[in-house]
Amino acid sequence: MKSLNPEQALERRRSLQLPDEIDVVDYLGSGARSHVFRASLDGDDVIVKVYREEAVEKYARRYGVDIAEFEYGRNRALYDLEPIRRHVARPYRLHPRAGEHTHSIVQEYIGGLSLGAVIKEVKHLPDELLEAGYRVIRTAEACGIHDLDISSGNVRVVDVDGERVLKLYDFNLMPQHLAPPNPFVWLALRLGLRRKSHRDYRNLRKWEWRGQKVQAVESP
């Protein structure tokens with residue numbers, strides 16, 4: 001995530017219009033589509049994801065959706081799948097564009113490290129994380145949810161009682177089967193030559209490749 005200087009971060013915090021029970025405590029950084037704040041809600045550690053205006057306009061113009069409603073809906077749909085719930089950040093609140101509060105979603109705060117950082121730290125891809133990745137993708141795919149944006153830098157790994165647990169937290173990538181980027185992808189999807197979860201399985205193979213690469217470098 002990119003960061004603002006302290007003055008810019010403070011200015012953004014002051015500009016937020018959120019329910020009184022959401023206490024914003026820090027600015028965490030920004031990505032391509034949003035700024036992220038850490039907050040407290042009823043004693044729970046959460047984040048508030050505030051969308052960039054250019055992302056809001058793009059999703060409305062190109063896809064015909066409210067980006068907050070879109071991301072919250074995908075987050076909720078995955079979280080409601082019991083077999084993979086522990087791997088999905090809990091969704092708390094949705095503040096749509098037309099509402100009285102700052103255009104945002106509120107979601108469980110996920111700490112830990114990125115999967116890429118874990119691979120680098122332990123010098124390989126732990127089997128349990130790869131297995132969890134396949135379990136998430138296959139469960140989601142069976143329920144019609146695709147393109148989960150699971151690059152190794154976009155997935156977190158947290159420690160739960162000594163166990164490494166994979167966590168997904170970013171759900172605003174528009175699936176290609178809903179908005180094909182070009183006629184070739186559209187045709188491949190239509191003819192069944194490209195599966196809807198193509199990019200998900202490709203990312204899992206990239207996890208494996210990255211783990212093997214690090215392991216090869218570290219081997220004597």
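The values are calculated or read from the model by the stated rules, or taken from the named source; none is laboratory data. Note that the coordinates shown come from a computational prediction; the quantities given were computed from them, not determined experimentally. Methodologically, a virtual Cβ is constructed for each residue, glycine included, from the backbone with ideal geometry; neighbour enumeration extends over all protein chains shown.
Based on this model, can you work out whether ARG86 counts as in a helix (DSSP H, G or I), outside the structural domain of ASP200 (by TED's automatic domain parsing) and surrounded by 18 or more Cβ atoms within 10 Å (Cβ to Cβ)? Considered against the rule, which asks whether it is in a helix (DSSP H, G or I), outside the structural domain of ASP200 (by TED's automatic domain parsing) and surrounded by 18 or more Cβ atoms within 10 Å (Cβ to Cβ), ARG86 comes out as no. Determine whether SER104 is small (Gly, Ala, Ser), surrounded by 16 or more Cβ atoms within 10 Å (Cβ to Cβ) and not assigned by TED's automatic domain parsing to the domain that holds GLN212. Criteria met by SER104.
Name the residue, out of LYS167, LYS196, that is part of a strand (DSSP E or B), touching a His at 6+ places or on another chain (Cβ under 8 Å), under 30 Å from TYR51 (Cα atoms) and of a type in the set (D, E, K, R).
Details: LYS196 fails: part of a strand (DSSP E or B).
Going through LYS167, LYS196 in turn, just one is part of a strand (DSSP E or B), touching a His at 6+ places or on another chain (Cβ under 8 Å), under 30 Å from TYR51 (Cα atoms) and of a type in the set (D, E, K, R): LYS167.
This table checks each residue for (1) assigned to a loop (DSSP other than H, G, I, E, B); (2) farther than 30 Å from SER40 by Cα; (3) touching a residue at least 40 places away in the same chain (Cβ under 8 Å).
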| site | (1), (2), (3) |
| --- | --- |
| TYR92 | no, no, yes |
| ALA98 | yes, no, no |
| GLN107 | no, no, yes |
| ILE137 | no, yes, yes |
| VAL158 | no, no, yes |
| MET174 | yes, no, yes |
| HIS177 | yes, yes, no |
| PRO181 | yes, yes, no |
| GLY192 | yes, yes, no |
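Mind telling me which of the residues VAL217, VAL118, VAL165, VAL157 ends up being surrounded by fewer than 14 Cβ atoms within 10 Å (Cβ to Cβ) and over 30 Å from VAL65 (Cα atoms)?
Numbers: VAL118 fails: surrounded by fewer than 14 Cβ atoms within 10 Å (Cβ to Cβ); VAL165 fails: surrounded by fewer than 14 Cβ atoms within 10 Å (Cβ to Cβ); VAL157 fails: surrounded by fewer than 14 Cβ atoms within 10 Å (Cβ to Cβ).
VAL217 is the lone residue from the list that is surrounded by fewer than 14 Cβ atoms within 10 Å (Cβ to Cβ) and over 30 Å from VAL65 (Cα atoms).
Would you point out the residue of the range 47-83, among those that are of a type in the set (A, V, I, L, M), in contact with a Leu (Cβ under 9 Å, 6 or more places away or on another chain) and more than 30 Å from GLU163 (Cβ to Cβ), that is surrounded by the most Cβ atoms within 10 Å (Cβ to Cβ)? Taking the candidates together, the pick is ALA68.
Every residue in the range 124-135 that is touching a residue at least 24 places away in the same chain (Cβ under 8 Å) and of a type outside the set (Ser, Thr, Tyr), please.
As a first pass, look at the range 124-135 and keep what is touching a residue at least 24 places away in the same chain (Cβ under 8 Å): 124-126, 128-130, 132-135.
Those that are touching a residue at least 24 places away in the same chain (Cβ under 8 Å) and of a type outside the set (Ser, Thr, Tyr): HIS124, LEU125, PRO126, GLU128, LEU129, LEU130, ALA132, GLY133, ARG135.
Assess whether GLU121 counts as being without any contact (Cβ under 8 Å) to a residue 12 or more places away in the chain and either farther than 28 Å from PRO180 by Cβ or in a strand (DSSP E or B) (or both). So GLU121 fits the description; yes. Remark: pairs (first residue in the range 46-63, closer than 23 Å to ARG90 by Cα; second residue modelled with pLDDT of 95 or more and of a type in the set (Lys, Arg); Cβ separation under 9 Å; 6+ apart in sequence or on different chains) = VAL46/ARG38; VAL46/ARG90; VAL46/ARG93; ILE47/ARG38; VAL48/ARG38; VAL48/ARG93.
Looking at ASP20, is it among the charged types (D, E, K, R), part of a strand (DSSP E or B) and either exposed (fewer than 12 other Cβ atoms within 10 Å of the Cβ) or in the same structural domain as TYR92 (by TED's automatic domain parsing) (or both)? When the stated conditions are applied, ASP20 does not pass them. Of all the numbered requirements in (1) of a type in the set (Gly, Ala, Ser); (2) surrounded by 16 or more Cβ atoms within 10 Å (Cβ to Cβ); (3) within 16 Å of the chain's Cα centre (by Cα), ALA32 misses one, and that requirement is (2).
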